[in-house]
Every structure is written in C-alpha cells, then in structure tokens.
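The values are calculated or read from the model by the stated rules, or taken from the named source; none is laboratory data. Quantities reported herein were computed from a predicted structural model and do not represent experimental measurements. As a convention, Cβ positions derive from the backbone with ideal geometry for all residues, glycine included, and neighbour counts pool all protein chains shown.
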Amino acid sequence: MSTVLVTGATGFIGRRLVPALLDAGHDVRAMTRHPETYDGPGEAVGADVMDADSLKPALEGADVAIYLVHSLDDPDFVRKDADAARHFSAAAAAAGVRQIVYMGGLGDEDHDLSDHLRSRREVEELLGGDGVPVTVLRAAIVVGHGGISWELTRQLVKNLPGMVVPKWVGTRTQPIAIDDVVRYLAGVVDHPDALGRVFEIGGPDQLTYREMLQGVAEEMNGRKVPIVVVPLLTPGLSSRWLALVTDVDVTTGRNLIDSMSTEVIVKDTSIRDVVPGEPLTYRESVRRALAERRASGA
C-alpha cells in the first residue's frame, strides 16, 4: 500500500476521505495548517499551500498526494489558487511523489466558463507543471452534510416558503453524493489506469437546479415549494439574496452563482472502468445528507 498525503484533511471531503484511505490499507498523512488541533485519524502534518517551504517536509516520502484546496471565499481566489498549485507541483516533484489527485469542476470548455471553473482548469494544468502525473476528477454539486453547494440548497428550502429565483434555475447539472466522491478518490489512488487522466464523475440524475430544489423540498417537507423565475435578477443581486437567506457569504455565493449558468453534466463515464460501481441517486444522496445532519445534532 501507499503513503498518501491528503491536503484539506479537515474539510468537507478530506475528513471523510482520510478514514476511507486508512480502511483501504494506506498510510495517511492529514495535512492541515493547525496540526496541534487535529483530532481525526491518520498522522497530522502541518503545512500551508501558500507557504512553499512548509510543503517539503509534509510531502517527503509520500507516494500520492490528494489536493483538495481552493480559496472560493476569497475575492482574489484565482491568483491564490494558481500560486498554491505552483508551490504544490514543485514540492511534489522534488519529493518524488508519483501521483497527484485533484478534485476539479465539470463544464464544457467550448462554453464561456465562469472564473471559478476556469480557475479549476488552470489548477489542473499547474499541478502537473513539474512532471508529476495528475489524476483529475471533475464534479458538479457534491451532496453531503456540510458541503457549501448542498447547504445553499438545503437552507433555501428550509428558510423560504416560496422563492423568487434567477433564470439559472433552468440550467442542467449532475449532482453526486459525497459517498461516491470519496469512493472515486480512494479508488484512483495509485491506480495505474488513472495516471495522467481526467475523469468526469456524477450521479445517475441530470437535473435542473429547480428540480434539485424541489427534490429537497419533497424530502424535507413532503411537498414542493412555489418557485417564480425572474430573468433580470443579476448575479450580484442573487449573491446578496443568498447571503440574506443563508449563512453563505456574498463572495462565495457570487462565485458559485457565476458557475450556475454553465451546464455541467457528465459526458464521459470511463471512471466506471477504473472504479466500478453504481453511484447513488440524487434522492438517496439527499436522504443521506439530511440523516447525517440530524445525527450530528446540527
């Protein structure tokens, strides 16, 4: 088995991935800026992707590095994420890492991608800039307790008896359960057929954002909610509206909304050849997210 470094080990995906990798028999280093407060499984290592010098000891002896870092809540996230990717690429190459695994975003490059999605593509390229093979998993909305996009959906349904929404609610997307994201990430680690490849991952359902909202409403309340589309509701106004009715900040909301006008669906299912198994349906992923929230006492 391999020694795997997980960046963002305390985040939404990372805190679920670390135990899955341990269960698969890997030695796992949980990278965090505050190792002294880390109380999860694996070996805590302190490093910061914005501090190039801190990455060398964290990556020393690692076979695989999983990169789960982004700065979506920062107005300067494009530059910061690019700088961080350059630092990590150079440090990984110097340490002899044989694979970097990265979570990117779905979206057809022929379309006008948002700054958020363009940044994800730039990071994909920069991570491989020093020669380490990169495995990219591109996903749309990840459904699971604690995920930002999921929390937007859940809180809108919880807090509003009816919604006035922008025209992006008609855009198609392909949500995926957090359980399947973790399964795919763990499955490509040190897999020879995954090196240097880009995979698209998603659940079996292609839905509009309106259909996603209504699906959550039916699971939470047993009924749909009235939704009225206002085409002239701008991204700026939309992000302020989201900040008013949810606990997602304006900057993060704006970056997410800018991406919601782009259709993000899976067109290549080759991941199933490398990591077999049927992904969970949207409704099942919603039920699991709600159950986990209840179990957490949130």
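If the condition is being touching a residue at least 60 places away in the same chain (Cβ under 8 Å), within 15 Å of Val216 (Cα to Cα) and among the aliphatic types (A, V, I, L, M), then segment 284-298 contributes Val286, Ala289, Leu290. Residues in segment 273-283 that are surrounded by fewer than 17 Cβ atoms within 10 Å (Cβ to Cβ) and either assigned to a helix (DSSP H, G or I) or on the phi < 0 side of the Ramachandran plot (or both): 6 in all. Applying the criterion of being touching a residue at least 12 places away in the same chain (Cβ under 8 Å) and in a helix (DSSP H, G or I) to the residues of segment 50-59, the residue that is surrounded by the most Cβ atoms within 10 Å (Cβ to Cβ) is Leu55.
Which one of these is farther than 20 Å from Val18 by Cβ, crowded, with 18+ Cβ neighbours inside 10 Å and hydrophobic (A, V, I, L, M, F, W, C): Ala65, Ala85, Ala93, Ala44? Before the answer, list the steps.
Working: Ala65 fails: farther than 20 Å from Val18 by Cβ; Ala93 fails: crowded, with 18+ Cβ neighbours inside 10 Å; Ala44 fails: farther than 20 Å from Val18 by Cβ.
Unique residue meeting the criteria: Ala85.
Among the conditions (1) under 30 Å from Leu126 (Cβ atoms); (2) in a loop (DSSP other than H, G, I, E, B), Asp205 misses just one, which is (1). Looking at (1) more than 30 Å from Gly297 (Cα to Cα); (2) surrounded by fewer than 23 Cβ atoms within 10 Å (Cβ to Cβ); (3) in contact with an Asp or Glu (Cβ under 7 Å, 6 or more places away or on another chain), can you tell me which one Gly131 breaks? If we test Gly131 against (1) more than 30 Å from Gly297 (Cα to Cα); (2) surrounded by fewer than 23 Cβ atoms within 10 Å (Cβ to Cβ); (3) in contact with an Asp or Glu (Cβ under 7 Å, 6 or more places away or on another chain), just (3) comes out false. State whether one or more residues within segment 94-110 are modelled with pLDDT of 95 or more and over 27 Å from Leu195 (Cβ atoms). Checked segment 94-110: no residue is modelled with pLDDT of 95 or more and over 27 Å from Leu195 (Cβ atoms). Looking at segment 221-230, which of its residues are loosely packed, with under 15 Cβ neighbours inside 10 Å and touching a residue at least 60 places away in the same chain (Cβ under 8 Å)? Listed by number, the residues that qualify are Asn221, Pro226, Val228, Val229, Val230. Selection within segment 175-194: residues that are in contact with a helix residue (DSSP H, G or I) (Cβ under 9 Å, 6 or more places away or on another chain) and part of a loop (DSSP other than H, G, I, E, B). The member of this set that is nearest to Tyr282 (Cα to Cα) is Pro175. The number of residues in segment 119-152 that are of a type in the set (A, V, I, L, M), assigned to a loop (DSSP other than H, G, I, E, B) and modelled with pLDDT of 95 or more comes to 1.
The set of residues in segment 28-49 that are outside any loop (DSSP other than H, G, I, E, B) and of a type in the set (Asp, Glu) comprises Glu36, Glu43. Residues of segment 164-221 being among the hydroxyl-bearing types (Ser, Thr, Tyr) and in contact with a Gly (Cβ under 6 Å, 6 or more places away or on another chain), which ones? Answer for segment 164-221, where residues must be among the hydroxyl-bearing types (Ser, Thr, Tyr) and in contact with a Gly (Cβ under 6 Å, 6 or more places away or on another chain): just Thr208. Of everything listed in (1) in contact with a His (Cβ under 6 Å, 6 or more places away or on another chain); (2) part of a helix (DSSP H, G or I), the single unmet condition for Ala20 is (1). Among the residues of segment 220-272, write down those that are at pLDDT 85 or above and in a helix (DSSP H, G or I). If the condition is that a residue be at pLDDT 85 or above and in a helix (DSSP H, G or I), then Met220, Asn221, Ile271, Arg272 are the ones that fit. Filtering segment 153-187 to residues that are small (Gly, Ala, Ser) and at pLDDT 95 or above leaves Ala177, Ala186, Gly187.
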